[in-house]
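Right, one structure below, let's go through it.
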Amino acid sequence: MPKTSEAEAPRIIIEGVRKTYRLRHTHSFKETFVAWLRKKQTASTFEALEGLDITVGEGEAVGLLGYNGSGKSTLLKLVSGVLRPDAGTVLTRGRVAGLIEVGAGFHPDLSGRENVYLNAAILGMSKEEIDAKFDEIVEFSEIGEFIDTEVKHYSSGMFVRLAFSVAIHTQFDILLVDEVLAVGDAPFREKCNAKIHELVASDKTLFIVSHDLGMISEICDRGIVIKRGRKIFDGPVDEAIAALKASKR
Amino acid sequence: MPEAFRIDGMSQYGLPDRSAFAVPGVGRGVLDVFSYRYLLRLLVRKGILTRYHGSVLGWAWSYVKPAAQFLIYYLVMGVFLNLNRGIDAFPVYLFSGIVVVNLFNEAFGNATKSIVNNKALVKKIYLPRELFPIADVFIAFVHFLPQLSILIVVCLVVGWVPTVLHLAGALLAMLIVLLLATGLGMLFGSVNVSFRDSQNLVELILLFATWTSPVLYSFTMVRDKVPTWLFDLYMANPLTAAVELFHSAFWYPTIAGPAERPENLWGLAGLALAISIVTLLVGQFVFRRLEGRFAQDL
Ligand SMILES: Nc1ncnc2c1ncn2[C@@H]1O[C@H](COP(=O)(O)OP(=O)(O)O)[C@@H](O)[C@H]1O
Ligand SMILES: [Mg+2]
């Protein structure tokens, strides 16, 4: 029965994942060669994630909690495909989009319009999809007539609003959010929150990293706490927040 | 049978029916670029729009630079060193070779730096990373077009009547150069992420490129001076074949007297194309081996 298995199938499967960063001490052929001659180590390693198992189902909104350096961004990058795990498996079903550092693909010398097209394409949209969504993107960003101005003349608020608006209007099944919801001024934040709620209501899968615990507990039903690369709690979001507060770095 | 597992309750989701799942961050290399055609087009457009941004002359620079380069080579090689005595219509000879090497240098040089230049994107969003060097090669090709059009105009003025064979040769030359530059660009560009020596090494290679192919002199001068094996090696350089294809297409038909041409130029061109394709495959192979580290090492 494909129908029921479809409905039951998870969106993200993370199994036994380990991510090891290699910190290189050499940055040129010469240094590497000298280190090799002297039998010195050219790199040391650092386990950013270790033995991680997480399954996220369809329509779930999961908050990822943990102190700085615990490996949250690394985990999201593994799901988006920017990084690959050194052990274990990461699998996703459907289109993945990331609100990870919005505006990474913006070019200051291009107009807002050009940047919308470029960035939406970078985020995986086709020309037809962008054409269809363009007005909505501009409307949401409140950029108005400045859309044909070069982006370098934008205020930082305008820039962030446009970048965020592009990202949130892409087509996706899974949305990864890494500490970007605190953008823009209060009214715009309000609007973003409403949009996020709308996404949750429409059964999109959300994986959110934020320091705003109030917002996490409001949006998510499930919370996962990561400490030094290991999962220490996975369950209802309020208990997760309590677990985070109880844990020390 | 996944269903059985579900009934047993062994797994919440029914074990390994994973056909609907994808492994994030694993692409099909250069082939992926075809499914990202639209993005490739926008990246090329961005490169072209922002190239001369904020300059008054703008695209005129694409004409000024090769003209200045041509003038210097013509004065030094042709007038001061008297090379033009041995070569008919030396200015046309010179220019038709220079544009080929310029295309190669621009494409290879930019492709080498493309991953590092697109750091912000590579670190944050997954895209087939081959897009960046390939977009740079396309951009180099667009900047080659003004030079090519000057060459064509000059040739037409001095009485060039193009034939299908000339045009086929010129197209083949461009294909050889573009494939070679893409392959080498991916190779040195992926190494460049960890070792910036790579881009310095490439600058050195580019310095040699003008002199190790018959751009400023005739191939006969090499043939008469060096041992046969070295000359064979010289002629096996894909750039030599590309430059000679351009000479045969643009310069040779415009001169009055006879001039020596390399034996079996089409054979050389075939070899050059094969070498370029192998280079592309090697470049792609190394690129894929190193790609997994791009985002964390940048
Ligand atoms: N590219 C990298 N190379 C080496 N170490 C890294 C790299 N990125 C992150 N790290 C290290 O991995 C750990 C986890 O980082 P990160 O995932 O960014 O944590 P978080 O997002 O939870 O603050 C940190 O100690 C950080 O220093
Ligand atoms: Mg982080």
Legend entry - Members of segment B:70-92 found to be surrounded by 16 or more Cβ atoms within 10 Å (Cβ to Cβ), assigned to a helix (DSSP H, G or I) and either modelled with pLDDT of 85 or more or not polar (S, T, N, Q) (or both), listed by number: B:F70, B:Y73, B:Y74, B:M77, B:G78, B:L83, B:F90, B:P91, B:V92
Inset, instruction - Spot the failing condition for A:A61; the list is (1) within 15 Å of ligand 1 (Cβ to nearest atom); (2) in contact (Cβ under 8 Å) with a residue 60 or more places away in the chain; (3) away from chain B (no Cβ under 13 Å), and only one is missed. - result: (1)
Inset, instruction - Name the strands (runs of 3 or more DSSP E) wholly inside segment A:196-249 in which the number of residues that are more than 19 Å from A:R11 (Cβ to Cβ) is 1 or more. - result: A:222-227, A:230-236
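For segment B:21-31, give me each residue that is in contact with a helix residue (DSSP H, G or I) (Cβ under 8 Å, 6 or more places away or on another chain) and surrounded by fewer than 19 Cβ atoms within 10 Å (Cβ to Cβ). Give the steps one after another, and end with the answer.
From segment B:21-31, those in contact with a helix residue (DSSP H, G or I) (Cβ under 8 Å, 6 or more places away or on another chain) are B:24-25, B:29-30; that's our starting set.
B:G29, the sole residue that qualifies.
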Inset, instruction - Consider A:G69 carefully, then state whether it is more than 9 Å from chain B (Cβ to nearest Cβ), within 14 Å of ligand 2 (Cβ to nearest atom) and open to solvent by 10 Å² or more (accessible area, probe 1.4 Å). - result: yes
Legend entry - Test for B:W266: is it in a loop (DSSP other than H, G, I, E, B) and out of contact with any Pro (no Cβ under 9 Å at 6 or more places or on another chain): no
Legend entry - Members of segment A:37-58 found to be at pLDDT 90 or above and near ligand 1 (Cβ under 10 Å from one of its atoms), listed by number: A:E47, A:A48, A:L49
Legend entry - Failed item in (1) assigned to a helix (DSSP H, G or I); (2) away from chain A (no Cβ under 11 Å); (3) modelled with pLDDT under 80, with B:E3 passing the rest: (2)
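Residues to consider are A:F46, A:F33; find the one that is open to solvent by 90 Å² or more (accessible area, probe 1.4 Å) and within 16 Å of ligand 2 (Cβ to nearest atom).
Details: A:F33 fails: within 16 Å of ligand 2 (Cβ to nearest atom).
Exactly one residue qualifies, and that residue is A:F46.
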Legend entry - Boolean, B:F95 is under 30 Å from B:L298 (Cβ atoms) and either assigned to a helix (DSSP H, G or I) or of a type outside the set (A, V, I, L, M, F, W, C) (or both): no
Inset, instruction - Only helices (runs of 4 or more DSSP H) wholly contained in segment B:115-222 count here; list those with 1 or more residues that are within 14 Å of chain A (Cβ to nearest Cβ) and touching an Asp or Glu at 6+ places or on another chain (Cβ under 6 Å). - result: B:119-124, B:164-194
Inset, instruction - Can you work out which of the residues in segment A:150-196 that are away from chain B (no Cβ under 14 Å) and hydroxyl-bearing (S, T, Y) is nearest to ligand 2 (Cβ to nearest atom)? - result: A:S156
Legend entry - Filter result for A:I137 (more than 9 Å from chain B (Cβ to nearest Cβ), away from ligand 2 (no atom under 16 Å from the Cβ), under 25 Å from B:R37 (Cβ atoms) and touching a residue at least 24 places away in the same chain (Cβ under 8 Å)): yes
Inset, instruction - Would you tally the residues in segment A:74-122 being within 16 Å of ligand 1 (Cβ to nearest atom), buried (at least 21 other Cβ atoms within 10 Å of the Cβ) and among the small types (G, A, S)? - result: 3
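When you look at B:L281, is it touching a Ser or Thr at 6+ places or on another chain (Cβ under 6 Å), aliphatic (A, V, I, L, M) and open to solvent by 30 Å² or more (accessible area, probe 1.4 Å), yes or no?
Spelling it out, it is not the case that B:L281 is touching a Ser or Thr at 6+ places or on another chain (Cβ under 6 Å), aliphatic (A, V, I, L, M) and open to solvent by 30 Å² or more (accessible area, probe 1.4 Å).
Quick one: which of A:K204, A:K152, A:K191, A:K195 is open to solvent by 10 Å² or more (accessible area, probe 1.4 Å), closer than 25 Å to A:A104 by Cβ and touching a residue at least 60 places away in the same chain (Cβ under 8 Å)? So that I can check it myself, show each step before the final result.
On the way: A:K152 fails: touching a residue at least 60 places away in the same chain (Cβ under 8 Å); A:K191 fails: touching a residue at least 60 places away in the same chain (Cβ under 8 Å); A:K195 fails: touching a residue at least 60 places away in the same chain (Cβ under 8 Å).
On inspection, the qualifying residue turns out to be A:K204.
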Legend entry - Of residues in segment B:250-264 being out of contact with any Phe, Trp or Tyr (no Cβ under 9 Å at 6 or more places or on another chain) and in contact (Cβ under 8 Å) with a residue 60 or more places away in the chain, the one farthest from B:Q147 (Cα to Cα): B:G257
Inset, instruction - Find the residue count for segment B:222-260, including only residues that are within 16 Å of B:V100 (Cβ to Cβ) and not aromatic (F, W, Y). - result: 13
Inset, instruction - Could you please let me know if A:E8 is within 30 Å of A:G235 (Cα to Cα) and either within 16 Å of ligand 1 (Cβ to nearest atom) or at pLDDT below 85 (or both)? - result: yes
Legend entry - Breaking point among (1) in contact with a Leu (Cβ under 8 Å, 6 or more places away or on another chain); (2) surrounded by 23 or more Cβ atoms within 10 Å (Cβ to Cβ), for A:A163: (1)
Inset, instruction - Might you check whether a residue that is modelled with pLDDT of 80 or more, within 10 Å of another protein chain (Cβ to nearest Cβ), closer than 24 Å to B:F285 by Cα and open to solvent by less than 50 Å² (accessible area, probe 1.4 Å) occurs anywhere in segment B:46-55? - result: no
Inset, instruction - Give segment B:196-245 a look and list any residue that's within 24 Å of B:N110 (Cα to Cα) and open to solvent by 70 Å² or more (accessible area, probe 1.4 Å), or say none. - result: B:R196, B:N200, B:L201, B:E203, B:L204, B:L207, B:F208, B:W211
Legend entry - Subset of segment B:6-32 (residues that are within 7 Å of chain A (Cβ to nearest Cβ) and either at pLDDT below 80 or closer than 20 Å to A:E58 by Cα (or both)): B:Y13, B:G14, B:D17, B:R18, B:A20, B:F21, B:A22, B:V23, B:P24
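The values are calculated or read from the model by the stated rules, or taken from the named source; none is laboratory data. As the structure is a prediction and not an experimental result, all values here were calculated from the model. We place every Cβ from the backbone using ideal geometry, glycine too, and count neighbours over all the protein chains shown. Each accessible area value is taken on the protein alone, full model and side chains, heavy atoms only, with ligands, DNA and RNA left out. Shrake-Rupley method; radii C 1.70, N 1.55, O 1.52, S 1.80 Å.
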